[in-house]
C-alpha cells in the first residue's frame, strides 16, 4: 500500500481495490516500433507487486478453490 500512496494520481478520499489500482494508478506506455515495442511503467515496483499478487491468487485458486468447486459439483 505504501507504493500506491506514493503515486502522483493517488487520492486519499478514494478507496482503491486491485482493479482500481491497476486501471487508475499503474500507468504505462509503449515505446518502439514493431518487434522492438516495450512497455514502460511509471511505477515499476507497483507493477511488479500487482503481477506477483495475480500469480499468487491464481495458484491459490487452482490449489484450494478449484478442487472444492468440483467436489461440490458447482462446476461440471
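Numerical summary
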{"read-out": "Read-out Kirkwood radius over Cα pairs in Å, derived from the coordinates shown; its label in (i) 20.1; (ii) 15.0; (iii) 12.6", "value": "(ii)"}
{"read-out": "With Cα atoms, 0 to 90° folded angle of helix 44-60 axis to the chain main axis", "value": "10 degrees"}
{"read-out": "Normalised contact order of the chain, rounded percent, pairs of Cα under 8 Å and 6 or more residues apart", "value": "21 percent"}
{"read-out": "Separation of the residue 66 and residue 40 label points, Cα + 7 Å toward Cβ, nm", "value": "3.8 nm"}
{"read-out": "Least to most buried among 51, 33 (fewest other Cβ within 10 Å first)", "value": "33, 51"}
{"read-out": "Alpha carbon centroid spacing (whole Å) that separates the range 42-75 from the range 19-41", "value": "22 Å"}
{"read-out": "Gained length - residue 19 relative to residue 51, 0.36 nm times residue gap less alpha-carbon distance", "value": "10.3 nm"}
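Read-outs: derived from the displayed coordinates by stated rules, not from any lab. Everything numeric here is computed off the predicted structure, so don't read it as measured data. Neighbour counts are summed over all protein chains in view; Cβ atoms, including those assigned to glycine, are modelled from backbone coordinates with ideal geometry.
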